[in-house]
Every structure is written in structure tokens, then in C-alpha cells.
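Report on the following structure.
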Amino acid sequence: MTATVRRVEDNEFFTWLDLYTGYGEFYENPVTDEKALLVWSWLTDKDNDLEAWFAVDDEGAPIGLAHVREFARPLDGSKGLYLDDLFVLPDARGEGAGTALLEHLRDQARERGLSVVRWITAKDNETARRLYDKVAEKTKWVTYDLVP
């Protein structure tokens, strides 16, 4: 199978929702109706920076999802592309959809003049980390959350 990547269209809510729900289930963070509608409103708002991309199989069926947004890098004097979410359907894993999404995002960053594509993942997500270790450089940075 050769996965290709395309932007999620405004009329694909339920297709997007299936993949987004799968992502939430993977991280044991259920996607409620309220959360789904809020995120979808961001994705369809031309003034919001959040974008959604599908990896699709040979028949055009979406099998993977990425949510990204640009971010400022003041010390670097540049902007980057932040990958918030990456998910591939369990039956499609290991067939190139994740790689296709990451390579597409690299191309998007290059075309936009951005300096990096950056993301975090769970320490115990070994399957994804095997892919990430092949295509990107693991950084020395540690992530913290300060909850208001």
C-alpha cells in the first residue's frame, strides 16, 4: 500500500471524527461531542491556525490523521510546525501512513519556510517511537505542564 496525504475537507466531519475518536481511545482520553465540535470549529475556521491532514490508502479511504499548527520560535528567530496529534488506524499501522504524514509535514514546513516540525509523544508509545526515531532527531528537552 502507498499512502498519500491530503487536507481534511470541511464536509468530512464524520470521517475525521472516526479517526479523532480512535486517537482519543488510544490515549484513554475520550472524545466527547463537545470536544469534537469545538476542535472541528477550529479546523473549519479560516482564522484559526489548526490544520488537519488525512493519510489515505490506495482506494482513497482515510487511514491516518494529523493535527498541526504553526508556532513562533523567538530564540531561533523563526517559525515551526507543531504536530499536536498523529494517529493511524490499528489495521493500517506499519504500512507507511505515519511516514507519509510526517514526510508531508516536512514538505509543508519546507514550502512555508519553517525551521522545524516538532512534536511530543508518550514515553511508552514504543510503536510510534520506532517510526519517529527513523525520521527525526530525539531532542534533549523535557516537557512540563503548568495547570491553571
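Quick notes
- Rounded to the nearest 20 debye, dipole of the chain from Cβ charges on Lys, Arg, Asp, Glu: 860
- Relative contact order of the stretch 1-137, defined on C-alpha pairs under 8 angstrom at six or more residues apart (%): 24
- Counting 0.36 nm for each residue step from residue 103 to residue 130 and taking away their Cα separation leaves a gain of 8.2 nm.
- Cα-based values for the stretch 95-145, radius of gyration first and Dmax second, are 12.0, 33 Å.
- Under Stokes-Einstein, with the Kirkwood radius over Cα pairs as Rh, the value for the stretch 1-100 at 4 °C and 1.567 mPa s is 91 µm²/s.
- Here the chain has 50 percent of its accessible surface on carbon and sulfur atoms, given a 1.4 Å probe and all protein chains in place.
- Once the convex hull of all Cα atoms in the stretch 1-44 is built, its volume per residue stands at 89 Å³.
- Low-density loop positions, trypsin sites (Lys or Arg not before Pro), the stretch 59-148 - DSSP coil, at most 10 other Cβ in 10 Å: 123, 138, 140
- Averaging Cα coordinates gives a centre for the stretch 76-101 and one for the stretch 13-75; these two points are 11 Å apart.
- In the full protein context, the chain carries 66 Å² of accessible surface per residue, based on a 1.4 Å probe and ignoring ligands, DNA and RNA.
- Multiplying the residue separation of residue 38 and residue 142 by 0.36 nm and subtracting their alpha-carbon distance yields 34.6 nm.
- Peptides 99-105, 26-32 ordered by packing proxy, namely the average of other Cβ atoms within 10 Å per residue, highest first: 99-105, 26-32.
The values are calculated or read from the model by the stated rules, or taken from the named source; none is laboratory data. Nothing here was measured: the structure is a model prediction, and the numbers come from that model. Here Cβ is always computed from backbone atoms with ideal geometry, including for glycine, and neighbour counts include all displayed protein chains. The accessibility values were calculated without ligands, DNA or RNA, using every heavy atom of the protein model including side chains. Shrake-Rupley method; radii C 1.70, N 1.55, O 1.52, S 1.80 Å.
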